[in-house]
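The values are calculated or read from the model by the stated rules, or taken from the named source; none is laboratory data. Predicted, not measured: the structure shown is a model, and the values here were computed from it. A quick note on method: Cβ atoms are made from the backbone with ideal geometry, for glycine too, and the neighbour counts reach across all protein chains shown. Ligands, DNA and RNA are excluded from the accessible area calculation, which covers all protein heavy atoms including side chains. Shrake-Rupley method; radii C 1.70, N 1.55, O 1.52, S 1.80 Å.
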Amino acid sequence: QEKDWAAALDSYLRAEKLLRAGQQREQVSLSIQLGKTYRRLPFAGTGQNPNLTLAIEKLEAGIAASPGSYELAAELGGAYLAARQDERALDKVDRLINSKDFASASADDRAAVVLISAKAQYNLGKLAVARQRFEAAVQIRPKDSQLQRALVETINAQAWAALREIGRASCRERVSLNV
């Protein structure tokens, strides 16, 4: 709650050492907390953030025990996005989006996983699908300015991509006329 991630990590690591072999539920819960904490630890170095690797490892252990958790899928998807593993993020959240239980999930849970999917699609250059996902997220949480801003950015990216394509077509047309 205090966002002192280093102190939280220290506490969670001490708790992990105290766990016994038969405490599976506690181990899963602790893995989730460790994953969230590693993800939020600041990284001042260059290159790949080693905390993200640890976060993904811990969150994957948690989701293996609770594969239907929307909160956990969004957290793991966010870690994948931060680690530039967009395909893995997309795979994780799209399974939940396409599940029969998706409609009964809370609005916040649905919006969180749809947002991860939209961001992954955007990063992969699939702007039309990303726009659809951002629009779906905005429908779930219409007053969320972050979602609205992401939708506008996606629409702008689509417009720029269309302009580039028009420019290329125009250049090809001029070249063919000069031949």
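Figures for the structure shown
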read-out	value
Residue in region 4-17 that is touching a Leu at 6+ places or on another chain (Cβ under 8 Å), open to solvent by less than 80 Å² (accessible area, probe 1.4 Å) and part of a loop (DSSP other than H, G, I, E, B) present	no
So residue 128, is it open to solvent by 40 Å² or more (accessible area, probe 1.4 Å), of a type in the set (Gly, Ala, Ser) and over 30 Å from residue 28 (Cα atoms)	yes
Residue match in region 109-117 (condition: surrounded by fewer than 20 Cβ atoms within 10 Å (Cβ to Cβ), in a loop (DSSP other than H, G, I, E, B) and touching a helix residue (DSSP H, G or I) at 6+ places or on another chain (Cβ under 8 Å))	no
Every pair of residues 6+ apart whose Cβ atoms lie under 9 Å, when the first sits in region 26-44 and is in a helix (DSSP H, G or I) while the second is of a type in the set (Lys, Arg) and surrounded by fewer than 18 Cβ atoms within 10 Å (Cβ to Cβ)	26/20; 40/3
Residues that are hydrophobic (A, V, I, L, M, F, W, C) and either exposed (fewer than 11 other Cβ atoms within 10 Å of the Cβ) or over 19 Å from residue 70 (Cα atoms) (or both), drawn from region 18-31	18, 19, 21
Tally of residues being open to solvent by less than 50 Å² (accessible area, probe 1.4 Å), more than 16 Å from residue 92 (Cβ to Cβ), touching a helix residue (DSSP H, G or I) at 6+ places or on another chain (Cβ under 8 Å) and not aromatic (Phe, Trp, Tyr) across region 32-63	5
Candidates 112, 128, filtered to the one that is out of contact with any Leu (no Cβ under 8 Å at 6 or more places or on another chain) and closer than 25 Å to residue 66 by Cα	112
Whichever residue in region 68-83 is in a loop (DSSP other than H, G, I, E, B) and touching a residue at least 24 places away in the same chain (Cβ under 8 Å) and, among such residues, is least open to solvent (accessible area, probe 1.4 Å)	83
Verdict on residue 89 being in contact (Cβ under 8 Å) with a residue 12 or more places away in the chain, more than 21 Å from residue 119 (Cβ to Cβ) and either open to solvent by 70 Å² or more (accessible area, probe 1.4 Å) or not basic (Lys, Arg) (or both)	no
